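To start, the structure itself, in structure tokens.
The values are calculated or read from the model by the stated rules, or taken from the named source; none is laboratory data. Everything numeric here is computed off the predicted structure, so don't read it as measured data. When we count neighbours, we look across all protein chains shown, and the Cβ atoms used for this are built from the backbone with ideal geometry, even at glycine.
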Amino acid sequence: MGVLDWIRFGLLGLGLLFVATGLLPRAEAEASIGRIAPLLLFLFSVIVLAELTKEAGVFDAIAQRLARWGRGDYFALFLLCVAFASVNTVFLNLDTTAVLLTPVLLALAVRARIAALPLAMTTVWLANTASLLLPVSNLTNLLAARRVALETPAFAERMWAPQLAALAVTMVLLWVFYWRRSMRGADADRYEPPEPEPVRDRVLFGATGMACLLFIAAILAGVHTGIQLGIAATVAAVVAVIAFAVRDRGSLRPSLIPWQLMVFVTGLFLVVPTLERYGLDEVMRALVGTDDGVAGAMRAAFAGGGLSNLLNNLPAYVAGESAVPKENRDQLLPLLIGTNVGPVITPWGSLATLLWFEWCRRWDVRVPMRKFVLTGTALAVLGCAASVGALLVTG
């Protein structure tokens, strides 16, 4: 049991205590769990899919190609990883980046014989900070786009400058804190590109690769709601499971089940509704205020980012949206920026960060929590300030 495991079980225990004592009525608890049932289905299915895809060698093959494209140059590899993570997040959403790209970059660390932490941090930071441009990039964007009545082209036109600002800050801090020579765990200026390796089982490789493409195609087709995405992930996972049941049944082991993640999410959605019953909306209203000027925009962004790191970015955005007056359009989009760019300080700030930590645990990648929190704080503060500033200047 690690520290995060104690936090997961502690949160679930607290949620169950709230239900048992009546602080959260049983009917509301059942409704909350019912709302997240599609999310739990998605989490279960997508982790199983990604684990089996990893087992089949698909992630290793992509990692080898990336490493060879970098031609042994660390800065070129850095730019490739940033571009890959950013495009993936913008068009496929941040959770897909956490699920499918994290194992690719961790496999890349093994293949190129370089430190895993810089590659891992590239994924988790860009999964959050590259999620501003399109409504599909983040569920909070979909909620905000409906509130301000912006279709995808108009939304992108409004958010392109904040997105570029967030990416610029992220790249600078990634290089300073994790990628420069003294931080990346490598004394050399170059790495050794790996030689191509044969695929162990072409049937499993093809089946799991097609299952991932099926999942990605469902996202690109505009499948945004939780239950649809959950079903798409389940169908893709079933394809992978059937392939392994036929070709390699021994790989279908209980450790595939992401029980730690499901425990945490269940606890989270019992604790947050309880807090909402006892003043969370009022607290958020006091934090956000009603000023629609520059000060109000910054206040909304940092309130959203702060609450996201305390609870989670989705309930933080929902609480913040209810606190922003309907006519304050220039305050709502900064709130969105805060809940997208800000949740990089705590492991539970966003679902993407939770999924990322699950992958780090499965790959035995040690994440120094003190450094994670401190560098994440720098990114949250500078990223939110730069993005909101870009929004106001171009607005």
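Within the range 1-22, if we keep just the residues that are loosely packed, with under 13 Cβ neighbours inside 10 Å and among the aliphatic types (A, V, I, L, M), the residue that is farthest from residue 259 (Cα to Cα) turns out to be 20.
Reported count of residues in the range 322-359, each being in a helix (DSSP H, G or I) and buried (at least 21 other Cβ atoms within 10 Å of the Cβ), is 21. Check the range 99-122 and report whether any residue there is under 21 Å from residue 208 (Cβ atoms), in contact with a helix residue (DSSP H, G or I) (Cβ under 6 Å, 6 or more places away or on another chain), hydroxyl-bearing (Ser, Thr, Tyr) and touching a residue at least 40 places away in the same chain (Cβ under 8 Å). Scanning the range 99-122, I find at least one residue that is under 21 Å from residue 208 (Cβ atoms), in contact with a helix residue (DSSP H, G or I) (Cβ under 6 Å, 6 or more places away or on another chain), hydroxyl-bearing (Ser, Thr, Tyr) and touching a residue at least 40 places away in the same chain (Cβ under 8 Å), so the answer is yes.
Of the residues screened, residue 72 is one that is on the phi > 0 side of the Ramachandran plot, at pLDDT below 85 and out of contact with any Gly (no Cβ under 6 Å at 6 or more places or on another chain). All of 171, 210 fail the test of being of a type in the set (A, V, I, L, M, F, W, C) and surrounded by fewer than 19 Cβ atoms within 10 Å (Cβ to Cβ), apart from 210. If only residues of the range 242-257 that are crowded, with 18+ Cβ neighbours inside 10 Å and of a type in the set (A, V, I, L, M) are counted, the one that is nearest to residue 38 (Cα to Cα) is 256. The residues on offer are 373, 381, 388, and the sole one that is in a helix (DSSP H, G or I), over 30 Å from residue 51 (Cα atoms) and out of contact with any helix residue (DSSP H, G or I) (no Cβ under 7 Å at 6 or more places or on another chain) is 381. Residues of the range 301-315 include none that is more than 20 Å from the chain's Cα centre (by Cα) and of a type in the set (A, V, I, L, M). Yes or no: the range 120-128 includes at least one residue that is more than 18 Å from the chain's Cα centre (by Cα) and of a type in the set (A, V, I, L, M). No, because not a single residue in the range 120-128 is more than 18 Å from the chain's Cα centre (by Cα) and of a type in the set (A, V, I, L, M). Among 265, 271, which is the only one that is assigned to a helix (DSSP H, G or I), modelled with pLDDT under 85 and under 21 Å from residue 346 (Cα atoms)? Only one candidate passes the filter, namely 265. Residues of the range 145-166 that are surrounded by fewer than 23 Cβ atoms within 10 Å (Cβ to Cβ) and touching a residue at least 24 places away in the same chain (Cβ under 8 Å): 147, 148, 158, 160, 161, 164.
Once the range 148-199 is narrowed to residues that are outside any helix (DSSP H, G or I) and of a type in the set (A, V, I, L, M), the residue that is modelled with the lowest pLDDT is 186. Number of residues in the range 11-59 that are without any contact (Cβ under 8 Å) to a residue 24 or more places away in the chain, in a helix (DSSP H, G or I) and not aliphatic (A, V, I, L, M) equals 4.
For the range 235-249, state whether one or more residues are out of contact with any Cys (no Cβ under 9 Å at 6 or more places or on another chain), assigned to a helix (DSSP H, G or I) and at pLDDT below 85. There is no residue in the range 235-249 that is out of contact with any Cys (no Cβ under 9 Å at 6 or more places or on another chain), assigned to a helix (DSSP H, G or I) and at pLDDT below 85. Scanning the range 93-147 for residues that are among the charged types (D, E, K, R) and not in a helix (DSSP H, G or I) gives a single hit, 113. For the range 76-85, the condition holds for no residue, the condition being that it is assigned to a helix (DSSP H, G or I) and either on the phi > 0 side of the Ramachandran plot or of a type in the set (Ser, Thr, Tyr) (or both). Filtering the range 298-319 to residues that are surrounded by 24 or more Cβ atoms within 10 Å (Cβ to Cβ), closer than 16 Å to residue 283 by Cβ, of a type in the set (Gly, Ala, Ser) and out of contact with any Lys or Arg (no Cβ under 9 Å at 6 or more places or on another chain) leaves 300, 303, 304, 305, 308, 316.
The single residue among 50, 85, 56 that is under 16 Å from the mean Cα position of the chain (by Cα), of a type in the set (A, V, I, L, M), surrounded by 23 or more Cβ atoms within 10 Å (Cβ to Cβ) and modelled with pLDDT of 85 or more turns out to be 85.
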